[in-house]
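The values are calculated or read from the model by the stated rules, or taken from the named source; none is laboratory data. Remember, it's a predicted structure, so these values are computed and weren't measured experimentally. Heads up, the Cβs are rebuilt from the backbone with ideal geometry, glycines too, and the neighbour counts pull from every protein chain shown.
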Amino acid sequence: MNKFAEFELTKEFRDRFQLALDSRDRQFILESLEEVNPADITSLLYEFNSEESKYVLDILSIEVRSQIINDLDSDARKAFIGVYKPFELIEIINLLDSDDAADILNELPVKTSEEVLVGLDPLLKSQVIDLLRYDENVAGGIMAKELIKARDTWTVVQCIEEIRKQAEQVTKFYAVYVVDDADKLLGRVSLQQLIVTDSRTLVKDIIDDDVVAVETYKEDREVAEIMKKYDLESVPVVNVHGQLVGRITIDDVVDVITEQAEEDRQLMSGITEDVEEDDSVWKNTRARLPWLLIGIFGGMLSARFMGIFELQLAKVTAIAFFVPLIQATGGNVGIQSSSLVVQSLVNPGFVDEGLLGRLAKVFSVAVLNGLFLSIVVFAGTWVIFGNQPINVVVSIALFCVVIFASFIGTVTPLILNRLGFNPALASGPFITTTNDLLGLAIYFLTIHLLL
């Protein structure tokens, strides 16, 4: 266990570190962080404000400082880099890969971004300018320009020599991409293949032309799915002419997957914007209010619907006892069904597997769940109310609610996905409100028909 892992769990260390910050105890801070992984320092800095964090980073080496700032999540970094002067940001960004540098420049005010861009190293500057042309949610926006490429006419020994030169600009690489004289991607050569092949062999004789590549305009979610499907550590990026322009590595895709999961989680919770708890009151309110209003509207419709059956409620007051049961069951069944579909839609082949067969399976599961729940409710009402007609009515209504809620929960995300909307919208408040109304309609219709 490293030094930080021991201190991280203790309140005493955090208090002592805060005291060192207050008194600007440079020696204690340096000794405390001497053997700590930069990723752990990043987590520690979330405990302090921007000015305090900057003091800590200014003590550390520029290499560690750059890595920590790059590791910060986007929202925290936007606030944090505001305390840095342009010349300080230039020094930091010059040590980053082109994609990370472009991300930080996108987070800066326009004036500051232009000042920093002018001061960057010429090669990095040209790479960043090229990346800034792309939207941040496409392959061109998340790719890095740094890569290792070779001509197909080179020999293996020429290729290895070129790797040594180019590797100075590339921190991590998994293969060498092979291009022709027009920079069109022809394939790739693994490092292992280069090592075991005779040095006089031409690269074109050992090339693997079965290479997966993505276009610059491909959406980042599609890129993540491609890399997951083919188990790739990196994927080359080509323009519309098939020319190699960059590569996307697995760490960039992990960021995309994390952001996608966070977005879906917030949508399923009824939050319409990307917000954090420490965002402004207005932003948090604005993000939560739309679905809360829909819930209120649904509740008012439910109340109006119950008013239609006022006479039945007056005659048999026990009817009202089971309204929460019907609504809760319908909402839970709908959320379960929609969540499974949303999860399955991540697989691109899910929709093509046959809708009828999938609906038949959903119906079978719903019938079994409905029968079991109906039997449990019938037994419970028998114990509470004795042998009453309401027992049968509630059980039949519950069975029907489970069937219809499963259907709605399955079909809604499929429809939204077909229309181009995020299917995660189907979960949470949307399904809950819909199934509340559906459950009440089925319940009172069953009462009207049977009682």
May I ask you to verify whether D209 is in contact with a strand residue (DSSP E or B) (Cβ under 8 Å, 6 or more places away or on another chain), touching a residue at least 24 places away in the same chain (Cβ under 8 Å), charged (D, E, K, R) and in the same structural domain as V240 (by TED's automatic domain parsing)? no
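Could you please let me know if I93 is among the aliphatic types (A, V, I, L, M), touching a Pro at 6+ places or on another chain (Cβ under 6 Å) and buried (at least 16 other Cβ atoms within 10 Å of the Cβ)?
Answer is no for this residue.
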Somewhere in the range 38-55, is a residue surrounded by 15 or more Cβ atoms within 10 Å (Cβ to Cβ), charged (D, E, K, R) and at pLDDT below 85? yes
With the requirement that a residue be polar (S, T, N, Q) and either under 22 Å from the mean Cα position of the chain (by Cα) or within 26 Å of P236 (Cα to Cα) (or both), what does the range 60-110 give you? S66, Q67, N70, S74, N94, S98, N106
Within the range 71-126, the count of residues that are in contact (Cβ under 8 Å) with a residue 60 or more places away in the chain and in contact with a Phe, Trp or Tyr (Cβ under 9 Å, 6 or more places away or on another chain) comes to 0
Restricting attention to the range 163-178, does a residue exist that is in contact with a strand residue (DSSP E or B) (Cβ under 8 Å, 6 or more places away or on another chain), within 25 Å of I142 (Cα to Cα), at pLDDT 85 or above and among the basic types (K, R)? no
Taking K172 and the conditions (1) outside any helix (DSSP H, G or I); (2) in the same structural domain as N106 (by TED's automatic domain parsing), which numbered condition does it fall short on, given that it satisfies the others? (2)
Note on V189: of the conditions (1) farther than 30 Å from L95 by Cβ; (2) without any contact (Cβ under 8 Å) to a residue 40 or more places away in the chain; (3) not hydroxyl-bearing (S, T, Y); (4) not in a helix (DSSP H, G or I), unmet is (1)
Which residue out of N435, N417 is under 21 Å from V377 (Cα atoms), polar (S, T, N, Q) and either at pLDDT below 80 or part of a helix (DSSP H, G or I) (or both)? N435
Among all residue pairs at least 6 apart or on different chains, which show Cβ distances below 7 Å where the first residue, located in the range 37-57, is closer than 21 Å to E88 by Cα and the second is of a type in the set (K, R) and outside any loop (DSSP other than H, G, I, E, B)? L57/R65
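Please verify whether I29 is under 29 Å from V238 (Cβ atoms), outside the structural domain of Q169 (by TED's automatic domain parsing) and either of a type in the set (D, E, K, R) or part of a helix (DSSP H, G or I) (or both), treating the condition exactly as stated. Write out each step before concluding.
Details: under 29 Å from V238 (Cβ atoms): no; outside the structural domain of Q169 (by TED's automatic domain parsing): yes; either of a type in the set (D, E, K, R) or part of a helix (DSSP H, G or I) (or both): yes.
Against the criterion (under 29 Å from V238 (Cβ atoms), outside the structural domain of Q169 (by TED's automatic domain parsing) and either of a type in the set (D, E, K, R) or part of a helix (DSSP H, G or I) (or both)), I29 does not qualify.
I'd like to verify a number: residues in the range 163-178 that are surrounded by fewer than 18 Cβ atoms within 10 Å (Cβ to Cβ), in contact (Cβ under 8 Å) with a residue 40 or more places away in the chain and closer than 17 Å to E233 by Cα, how many?
First, pick out the residues of the range 163-178 that are surrounded by fewer than 18 Cβ atoms within 10 Å (Cβ to Cβ): 163-172, 174.
Now narrow it down to the ones that are in contact (Cβ under 8 Å) with a residue 40 or more places away in the chain: 169, 171-172, 174.
Imposing the further condition that a residue be closer than 17 Å to E233 by Cα reduces the set to 171-172, 174.
Residues in the range 163-178 being surrounded by fewer than 18 Cβ atoms within 10 Å (Cβ to Cβ), in contact (Cβ under 8 Å) with a residue 40 or more places away in the chain and closer than 17 Å to E233 by Cα: 3 in total.
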Six or more apart or on different chains, Cβ atoms under 9 Å: show the pairs whose first residue is in the range 418-441 and closer than 18 Å to V333 by Cβ and outside the structural domain of I403 (by TED's automatic domain parsing) and whose second is surrounded by 24 or more Cβ atoms within 10 Å (Cβ to Cβ) and at pLDDT 75 or above. none
